[in-house]
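Undergrad: Can you keep this structure in mind? I'll have questions shortly.
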Amino acid sequence: MFKVSMNENQIMNTGILKIKQNKNKFISNASLIMGLKYPLVCTAAHCVFDWYKQTNANEITFITYDNQEYEVEEIYVSKEWVQNGIVDYDTAFLTLKEPPLETDNIIKPIFNNTSKKQHALIPYIQKKFLRKNKIEIIKNITFEDYIHNSSLLGVKGKAGVGSSGSPWLLEKGRDYFQFSNTSLSFNSVKDIVWGPYWGEHIENLYLHANKKGNNLESIKTYKL
């Protein structure tokens, strides 16, 4: 595992969410991905829905790396996260009130990878007080969760505070695709970052955020 500063071509879909949940305000990482019609924002479900308090965020703004701001309209999360807090489903897709029209450089998602070993790039924005935000990247090979025997993917590395929701990217040919997002780290296992495996369930969540898909009873939607 090693960290390097990223160039602008590598961080084109990385951004920050400014989140308000009742009286609480905080930030997390997020990414802009290609939707079927309009771009969507992807982040960790726990960033926009508090399972312990059973409360969703009521105001969210996505801020791109070049400081373009977009207001979030809807949150799409799995009922497995909302009802049971299962980290395997710690992904959320968000629709925007006025999505960007330029989509040439937005990264596409990819689902149902047959191999869970991927050369992952995990860019995240490190928020610096009174200083310019810093972009970092973790590079390593993903592996199946042999510790908890879940469907999660792991990467050896140490991400900074507030990195939840950051994109996991893989390169195919000359293109990058997003195949997961940063979820949580566990105190019992040091220096491993975890992300959900984007299989059929997460793909169905993505389709619902695009007003497609089936199995509606497995999805929760919150309109802001």
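Undergrad: Percent of accessible area on the chain owned by carbon and sulfur, 1.4 Å probe?
TA: 47
Undergrad: Quickly work out the LYS139-to-THR55 label distance, labels modelled 7 Å from Cα along the C-beta direction, and quote it in nm with one decimal.
TA: Each label point lies 7 Å from its Cα, and together they span 4.2 nm.
Undergrad: Could you derive backbone 3J(HN,Hα) for the stretch 74-84 from the dihedral phi with the Karplus parameters 6.51, -1.76 and 1.60 (θ = phi - 60°), listing whole Hz in sequence and x where the residue is Gly or Pro?
TA: 9, 10, 10, 9, 7, 5, 5, 7, 4, 8, 10
Undergrad: Can I ask one more? In whole percent, what relative contact order does the stretch 23-116 give with Cα contacts below 8 Å and a gap of six or more residues?
TA: After rounding, I find 33 percent.
Undergrad: Over the chain, what is the relative contact order in whole percent, taking alpha-carbon pairs under 8 Å and six or more residues apart?
TA: Over the chain, the number comes to 24 percent.
Undergrad: Let me ask another. Loop-only check: which trypsin sites (Lys or Arg not before Pro) in the stretch 23-52 are DSSP coil with at most 14 other Cβ within 10 angstrom?
TA: The qualifying sites are LYS23, LYS37.
Undergrad: If you don't mind, another one. Would you calculate the separation in nanometres between label points at HIS148 and LYS25, each defined as 7 Å from the Cα along the Cα-to-beta-carbon direction?
TA: 3.2
Undergrad: Got a number for the accessible area of ASP191? Probe 1.4 Å, square angstrom, nearest 10.
TA: Answer for ASP191: close to 90 Å² accessible.
Undergrad: Past the 20 Å Cα-Cα mark, which pairs from LYS25/LYS79; LYS108/LYS220; LYS139/LYS172; LYS53/LYS156; LYS97/LYS172; LYS79/LYS172?
TA: Beyond 20 Å between Cα atoms: LYS25/LYS79; LYS108/LYS220; LYS53/LYS156; LYS97/LYS172; LYS79/LYS172.
Undergrad: Further question on the same structure: Mind checking the per residue accessible area of the chain for me, 1.4 Å probe, whole number of Å²?
TA: Accessible surface, normalised per residue, equals 52 Å².
Undergrad: Taking chymotrypsin sites (Phe, Trp or Tyr not before Pro) that fall in a DSSP loop and have at most 14 other Cβ atoms within 10 Å as cut points, what is the longest piece of the chain between them?
TA: Free of exposed loop sites, the longest segment is 147-224.
The values are calculated or read from the model by the stated rules, or taken from the named source; none is laboratory data. Just so it is clear, the model here is predicted, and its values are computed rather than measured. Cβ sites come from the backbone with ideal geometry, for glycine too, and all protein chains shown count toward neighbours. Heads up: the accessible areas ignore ligands, DNA and RNA and are worked out on the full protein's heavy atoms, side chains in. Shrake-Rupley method; radii C 1.70, N 1.55, O 1.52, S 1.80 Å.
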